[in-house]
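Please read the structure below before turning to the comments.
Taken together, the values in this text are just the output of simple stated rules run on the coordinates, not laboratory data. It should be emphasised that the depicted structure is a prediction, and the values quoted were computed from it without experimental measurement. Ideal geometry is used to build each Cβ from the backbone, glycine not excepted, and the neighbour counts take in all protein chains shown.
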Amino acid sequence: MTDTQNEYIAKAKENLDLLDAKIVELEARANKNTGDVRREFKAKLSGIRESKDQTERRLEELRLASKPAWEDVKKGVEQARKSLSESIDRASERFQ
């Protein structure tokens, strides 16, 4: 793996850690709610956690990818990360 690939993976992991911190904040907000709002919030967070896990799996695939497959796998990581970030943003806006 090249230095550039290692740097990309390190930055992607750092970004994922930041997104995870946002998820933790959302969970704290969810716990402050009650009833239907809390249930809806928790359901949304469950989906977000699944997206985060999928993004982590893709990042691991990227770390293990062969040189010819690296760019294709990288695109998958980017798409998963973007989707996760957008889901967090939507949940944050929905449950202010």
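Residue by residue through the range 42-49, which ³J(HN,Hα) values in whole Hz follow from phi under the Karplus form 6.51 cos²θ - 1.76 cosθ + 1.60 (θ = phi - 60°), with glycine and proline marked x?
Working through the residues one at a time gives 4, 5, 4, 5, 4, x, 5, 4 Hz.
Ordered by residue, what ³J(HN,Hα) values in Hz, to whole numbers, does the range 66-81 give under the Karplus form 6.51 cos²θ - 1.76 cosθ + 1.60, where θ = phi - 60° and Gly and Pro are x?
6, 4, x, 8, 4, 5, 5, 5, 4, 4, x, 5, 4, 5, 5, 5
Can you compute the helix-only [θ] at 222 nm over the chain? Use -39500 (n - 2.57) per DSSP H run of at least 4 residues, normalise by all residues, nearest 500 deg cm²/dmol.
-33000 deg cm²/dmol
Might you report the magnitude of the Cβ-based charge dipole of the chain about its Cα centre, with Lys and Arg at +1 and Asp and Glu at -1, to the nearest 20 debye?
Details: 21 positive and 20 negative charges, 68 e Å.
It comes to approximately 320 debye.
For q = 0.15, 0.17, 0.23 Å⁻¹, what log10 I(q)/I(0) does the chain give under the Debye formula with an equal point scatterer on each alpha carbon and no solvent?
So the normalised log intensities are -0.60, -0.72, -1.08.
For the range 3-94, what is the relative contact order in percent, using Cα pairs closer than 8 Å and at least 6 residues apart in sequence?
Numbers: 53 pairs, mean separation 31.8, N = 92.
The normalised contact order for the range 3-94 reaches 35 percent.
Excluding residues fewer than 8 places away in the same chain, name every one of the lysines whose C-alpha is closer than 24 Å to that of Lys42.
The reachable lysines, counting only those whose Cα sits under 24 Å from Lys42, are Lys22, Lys32, Lys52, Lys82.
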